[in-house]
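Trainee: Could you have a look at this structure, given as structure tokens, before my questions?
Taken together, the values in this text are just the output of simple stated rules run on the coordinates, not laboratory data. No experiment lies behind these values; they were computed from the predicted model shown. As a convention, Cβ positions derive from the backbone with ideal geometry for all residues, glycine included, and neighbour counts pool all protein chains shown.
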Ligand code: B12
């Protein structure tokens, strides 16, 4: 009989424990947890609990962890916006299982490990690529290996020790994610959200293929998370995984979630060629496509490989803002002809924009909106600029004194600006975003029909989503923190409302409609 091994639970907490909000909650890719599980396969048994996807209450989640009775629990947190769910889950677990070792990881932990470790219930914070750090740490804790020398924040006699960020140079060395640890049939058959980024065909899978980006846009944290050097696996490994997902789970499409897969043009073209040569026969979308890297050969390969749509992140419609604030190498004049070219070969184009940068004028914000209307994209997303720790925009906002104080991670919400200027307030930008998104994308019957088709929803559903979006910004901004004016009752601010753990839990997979970006 096999000897009994200790168990590690890997988990995503439920974002709704912090704020139950149709606009900001996202289901996460189980492959991150499946990959971590594969990396530690030889050391411990692993179970995965995805409280987000299955909309579990904190109690249900804790019951499941307790029933497994693991020695180790690893919690993954993608964004700083939902950091509270890390601390909520850890507190709940430690109340029932005092001796469990808690290991935190993910993008939020990589950036804010000092803040994370201020929670005494967390034993280790993993900084950067987690696969080998977790394996080595567990081997050490199991008494069979050395303590890792990179990628950890931990306490030593009450002093916090912070090691260098872990970087895996050879992505080919990583194992195939252990997809069998989750019910893949659930994940591949439910779109993360109904909206512009829905997969081209169901069932589908999401992939992050490369790590790192050299461009250094001012608002982006990627340099601090994965570094400037782009690391890619071999194209054969990527296509092996696609074929595995197709043959074992029946996926018909996939989405590429990379920060910037097209920046390494040679790799990207070779990947497309491999997809064609091995007859993968899946359609796909690219979530972040750096339009300035596009050339004719690439576009031709994209079409032949099955690409159906791209998201191009243009960010600003004003060249000064692009060059001096966004710091992205885009010549705005080149954008409309490139978008036209992509659409002419039959691909959809969605464009992303950001408004309300530190130092941006009201006229420049207006130019971005006008550019969005005229650039030729089928649909435009607008975000407000939110300075994140570890980015140039964070430093810019502090230096310019334009950050609304007190500023902190708790304010991270892409709908609500935290920047001020002599010309506009944070609220001006938040309100403008919601209303201009509404006007640019839905002003005519023709546009409404086109967007409904793109999103795969009815025009009535579109109307509901638009209303919810406008209502969310107005109720959050206009009434926040005020008395109700009638009987002196306090109207809760967004932060107060978000801390409400939310409505009754069903344990069912929730299908959500409600997308505003
Ligand atoms: C893919 C992606 C998404 C996808 C998620 C897809 C999905 N279904 O999971 C989508 C499109 C949904 C998305 C949405 C958003 N995203 Co996003 N996204 C990313 C992106 C590009 C890659 C993340 C990823 O999957 N990487 C691949 C995996 C393997 O890496 P990883 O998650 O970092 O995990 C590794 C380590 O962190 C560690 N690890 C992770 N978990 C654990 C757990 C344990 C126990 C251990 C030991 C280790 C460990 O090991 C892993 C393997 O090495 C990152 C940028 C980046 N490069 O990280 C932005 C990023 C995370 N996103 C960001 C943002 C802002 C958002 C949005 C708010 C955008 C918006 N405006 O709406 C939403 C909100 C999502 C939410 N509510 O959580 C910001 C986060 C900033 C912050 N600090 O909060 C980032 C950093 C991009 C940026 N501009 O700077 N995103």
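Trainee: So if I take the alpha carbon set of the range 259-370, get Rg, then get Rh from the Kirkwood formula, what is the Rg over Rh ratio?
Mentor: Values: Rg = 15.5 Å, Rh = 15.0 Å.
On the Cα set of the range 259-370, Rg over Rh gives 1.03.
Trainee: Please report how far the C-alpha centroid of the range 458-479 lies from that of the range 1-48, rounded to the nearest whole angstrom.
Mentor: Rounded to whole Å, the Cα centres lie 33 Å apart.
Trainee: Give me 362, 455 sorted ascending by neighbouring Cβ count inside 10 Å, so fewest comes first. Intermediate results must be reported in sequence, preceding the final value.
Mentor: Values: 362 16, 455 21.
By the 10 Å Cβ count, ascending, the order reads 362, 455.
Trainee: Given Cα pairs under 8 Å that are at least 6 residues apart, what percent is the relative contact order of the chain? Don't jump to the answer; show the numbers that get you there.
Mentor: On the way: 950 pairs, mean separation 74.3, N = 517.
Answer for the chain is 14 percent.
Trainee: Between residue 66 and residue 249, what FRET efficiency follows from the Cβ-Cβ distance if R0 is 25 Å, with the result rounded to 0.05? Intermediate results must be reported in sequence, preceding the final value.
Mentor: Details: r = 31 Å, r/R0 = 1.22.
For R0 = 25 Å, the calculated efficiency reads 0.25.
Trainee: Remind me, what semi-axes does the range 160-233 give for its equivalent ellipsoid, largest first in whole Å, using sqrt of 5 times each Cα gyration tensor eigenvalue? Provide the component values of the computation, followed by the final result.
Mentor: On the way: eigenvalues 165, 69, 34 Å².
Equivalent-ellipsoid dimensions as semi-axes: 29, 19, 13 Å.
Trainee: Under 8 Å for C-alpha pairs, at least 6 residues apart: give me the relative contact order for the range 1-156, rounded to a whole percent.
Mentor: On the way: 261 pairs, mean separation 36.3, N = 156.
With pairs under 8 Å counted, the relative contact order is 23 percent.
Trainee: Which whole-angstrom value gives the distance between the alpha carbon centres of the range 351-382 and the range 138-211?
Mentor: Result: 34 Å between the Cα centres.
Trainee: Moving on. Could you check the spin-label model distance between residue 399 and residue 363? Points 7 Å from the Cα along Cα→Cβ, value in nm.
Mentor: 2.4
Trainee: Counting pairwise Cα distances across the range 189-325, what percent come out greater than 24 angstrom? Before the final figure, lay out each step's value.
Mentor: Working: 2965 of 9316 pairs.
Within the range 189-325, distances greater than 24 Å cover 32 percent of Cα pairs.
Trainee: Please report 416, 357 as a ranked list, fewest other C-beta atoms within 10 angstrom at the top and most at the bottom.
Mentor: On the way: 416 21, 357 30.
With the fewest neighbours first, 416, 357 line up as 416, 357.
Trainee: Just how many % of Cα pairs in the range 42-116 lie over 13 Å apart, if you round to the nearest whole percent? Kindly include the intermediate steps, with their values, before the conclusion.
Mentor: On the way: 1859 of 2775 pairs.
Beyond 13 Å sits 67 percent of the P(r) for the range 42-116.
Trainee: Determine Rg/Rh for the chain; Rg is computed over alpha-carbon atoms and Rh is the Kirkwood hydrodynamic estimate from the same atoms.
Mentor: Values: Rg = 22.9 Å, Rh = 24.1 Å.
Ratio of gyration radius to Kirkwood radius: 0.95.
Trainee: Considering all projection directions equally, how large on average is the shadow of the alpha-carbon convex hull of the range 325-421, in square nanometres? Display every interim value, and only then the final one.
Mentor: On the way: hull surface 27.6 nm².
Mean projected area for the range 325-421: 6.9 nm², to one decimal.
Trainee: Checking a compactness column here: for the range 21-145, what do you get for Rg(Cα) / (2.2 N^0.38 Å), N being the number of residues? Can you show the working numbers first?
Mentor: On the way: Rg = 13.9 Å, N = 125, 2.2 N^0.38 = 13.8 Å.
Normalised Cα radius of gyration, the range 21-145: 1.01.
Trainee: Give me log10 I(q)/I(0) at q = 0.10, 0.12, 0.19, 0.22 Å⁻¹ for the range 113-241, Debye formula, one equal scatterer per alpha-carbon, no solvent.
Mentor: Reported log10 I(q)/I(0), two decimals: -0.47, -0.68, -1.24, -1.28.
Trainee: Hey, another quick one. Please report how far the C-alpha centroid of the range 215-240 lies from that of the range 294-322, rounded to the nearest whole angstrom.
Mentor: For the range 215-240 versus the range 294-322, the Cα centre distance is 17 Å.
Trainee: Here's something else I'd like to know. What full-extension length gain, to one decimal in nm, is calculated for residue 91 and residue 189 as 0.36 nm per residue of separation minus the Cα-Cα distance? Spell out each step's value before the answer.
Mentor: On the way: separation 98, 0.36 × 98 = 35.28 nm, distance 3.28 nm.
My answer for the length gained is 32.0 nm.
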